[in-house]
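A.B. asks: Quick one: this structure, given as structure tokens, is what I'll be asking you about.
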Amino acid sequence: MTVLIVGAGKHAQVVADILLRMRERDEAVDPVGYLDDDPSLAGRKFLGLPVLGATGDFGKLAHDAVVVAVGSNAIRRRLFDQLRQAGERLFTARHPQAVVAPDVVLGDGTVVCAGVVVNTGSAVGANVILNTSCSVDHHNRIGDHVHIAPGVHLGGEVVVDEGALVGIGALVTPRRRVGAWSIVGAGLLVHHDVPAGVKTVGAAARVIGARRERDGA
Ligand SMILES: CC(C)(COP(=O)(O)OP(=O)(O)OC[C@H]1O[C@@H](n2cnc3c(N)ncnc32)[C@H](O)[C@@H]1OP(=O)(O)O)[C@@H](O)C(=O)NCCC(=O)NCCS
């Protein structure tokens, strides 16, 4: 299956690498090149694949499927919706070194990077980025257009609603919910629900009581 990569920036090159590694493993995928609206990228090559035109040029080029490879959740959603409305097939890219439980459904156009683990009972929406070495534990619900950044760990039964970004290295404790289009700042520990449409920072070491010396609790 020939695949056009929509975007040619740094994240797109990571996606290209995933597709090339899938091809190495004899999976039926053949990346043909990138589409990007930055005219300075026209004709350039990244990982041996050429920039073939602008994002609107997909109709002029032979291909079987597309994958949107843009980091911004809002821009990725806009491109995804345009392509889906045009009847395009959205390719789901999964690095061969990702571990995804067999019952997990990955939505259309979702990208799963190297070192990712997704455990049983989880559902991952469309156009999601599960970035390098993040883990999505059991029975999570990950909405469409979400980005789970590198090194994030989500406990069991976590819900991340549409369009949210969980920043690099964040930890989300079990059964918490991150609201739609919110941002969890890099490195945070989330042990309360995060409402929709907000940005969060802070990792205070809050005193919660005296330590009992004898049992160490
Ligand atoms: C949370 C975030 C969105 C805030 O960005 P912003 O709105 O531009 O805010 P600013 O950078 O102006 O920072 C505002 C304040 O929050 C603090 N802050 C920002 N991010 C923080 C974080 N992750 N943890 C703790 N404090 C943080 C800043 O130090 C600043 O504090 P100050 O006002 O006392 O100086 C951003 O810092 C972040 O963490 N983004 C996630 C990035 C990421 O992981 N992307 C995925 C890459 S693959």
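Each reported figure results from applying straightforward, stated rules to the coordinates on display, with no laboratory input. Just so we're clear, the structure is a prediction, and the values are computed from it rather than from any experiment. Neighbour counts run over all protein chains shown; Cβ positions are idealised from the backbone, glycine included.
A.B. asks: Quick check of the Kirkwood formula: for the chain, what is the inverse mean of 1/r over all pairs of different Cα atoms, in Å?
C.D. replies: Details: mean 1/r = 0.0555 Å⁻¹.
Its Kirkwood hydrodynamic radius stands at 18.0 Å.
A.B. asks: Right, next: Apply the Karplus parameterisation 6.51 cos²θ - 1.76 cosθ + 1.60, with θ equal to phi minus 60°, to every residue of the range 31-38 and state each ³J(HN,Hα) to the nearest whole Hz, in sequence, with x for glycine and proline.
C.D. replies: x, 9, x, 10, 10, 8, 7, 7
A.B. asks: Can you find, among Leu188, Leu165, Ile148, the residue sitting farthest towards the positive end of the charge dipole of the chain, where Lys and Arg contribute +1 and Asp and Glu -1 at Cβ?
C.D. replies: Leu188
A.B. asks: What is the sum of charges, Lys and Arg at +1 and Asp and Glu at -1, for the other residues whose Cβ falls under 15 Å from the Cβ of Asp17? Walk me through the numbers before you get to the answer.
C.D. replies: Details: positive: Lys10, Arg21, Arg23, Arg25, Lys45, Arg94; negative: Glu24, Glu27, Asp30.
Cβ neighbours under 15 Å give a net charge of +3.
A.B. asks: Placing unit charges on C-beta atoms (Lys and Arg positive, Asp and Glu negative, everything else neutral), compute the dipole magnitude of the range 2-91 about its Cα centre in debye, rounded to 20.
C.D. replies: 180 debye
A.B. asks: Would you order Ser72, Ser182 from fewest to most other beta-carbon atoms within 10 Å of each residue's own beta-carbon?
C.D. replies: With the sparsest Cβ surroundings first, the list reads Ser72, Ser182.
A.B. asks: Rounded to the nearest 20 debye, what is the charge dipole size of the range 80-154 about its Cα centre when +1 sits on each Lys and Arg Cβ and -1 on each Asp and Glu Cβ? Present the calculation step by step, with values, prior to reporting the outcome.
C.D. replies: Values: 4 positive and 6 negative charges, 17 e Å.
I would put it at about 80 debye.
A.B. asks: Right, here's the next one. Using r as the Cβ-Cβ distance of Ala62 and Gln82, and R0 as 30 Å, what FRET efficiency do you calculate, to the nearest 0.05?
C.D. replies: Values: r = 19 Å, r/R0 = 0.64.
Between Ala62 and Gln82 the formula returns 0.95.
A.B. asks: Find the relative contact order for the chain and round it to a whole percent, using C-alpha pairs within less than 8 Å whose residues are 6+ positions apart. Could the numbers behind the result be given before it?
C.D. replies: Working: 583 pairs, mean separation 24.3, N = 217.
RCO, the chain: 11 percent.
A.B. asks: Mind checking the dipole of the range 26-154: about its Cα centre, +1 per Lys or Arg Cβ, -1 per Asp or Glu Cβ, Debye to the nearest 20?
C.D. replies: That gives a dipole near 240 debye.
A.B. asks: Taking 8 Å as the Cα distance limit and 6 or more residues as the minimum spacing, I'd like the relative contact order of the range 92-199 as a percentage.
C.D. replies: Relative contact order, the range 92-199: 16 percent.
A.B. asks: Hey, another quick one. Please give the contour-minus-distance gain from Arg211 to Thr2: 0.36 nm per residue of separation, less the Cα-Cα distance, rounded to one decimal in nm.
C.D. replies: Here the segment from Arg211 to Thr2 would lengthen by 69.2 nm.
A.B. asks: Grab the other residues whose beta carbon is less than 10 angstrom from that of Asp193, score K and R as +1, D and E as -1, and report the net.
C.D. replies: +3
A.B. asks: What angle do you read, to the nearest 10 degrees and between 0 and 90, between the alpha-carbon axis of helix 10-24 and the longest principal axis of the chain?
C.D. replies: Relative to the chain, helix 10-24 is tipped by roughly 70 degrees.
A.B. asks: Taking the chain as the reference, fit the longest principal axis to its C-alpha atoms, fit the long axis of helix 73-85 to the helix C-alpha atoms, and give the angle between the two in degrees, 0 to 90, nearest 10.
C.D. replies: It works out to around 40 degrees.
A.B. asks: Let me ask something additional. So how long is each side of the range 60-135 along the principal axes, counting just the alpha-carbon atoms, biggest first, in Å?
C.D. replies: Each principal axis gives a Cα extent; for the range 60-135 these are 38, 23, 20 Å.
A.B. asks: Going toward the positive end of the dipole of the range 92-199, with +1 on Lys and Arg Cβ and -1 on Asp and Glu Cβ, which of Asn119, Ser135, Val104 do you reach last?
C.D. replies: Farthest towards the positive pole: Ser135.
A.B. asks: Distance from the Cα centre of the range 140-160 to that of the range 16-71, in angstrom?
C.D. replies: Result: 26 Å between the Cα centres.
A.B. asks: Okay, next question. Before anything else, pin down the relative contact order of the range 2-91: Cα pairs under 8 Å, at least 6 apart, normalised by residue count, whole percent.
C.D. replies: Worked out over the range 2-91, it gives 33 percent.
A.B. asks: For the range 2-91, what class follows from the C-alpha gyration tensor (a ≥ b ≥ c being the square roots of its eigenvalues): rounded when a/c is under 1.5, otherwise prolate if a/b is larger than b/c, else oblate?
C.D. replies: Verdict is rounded for the range 2-91.
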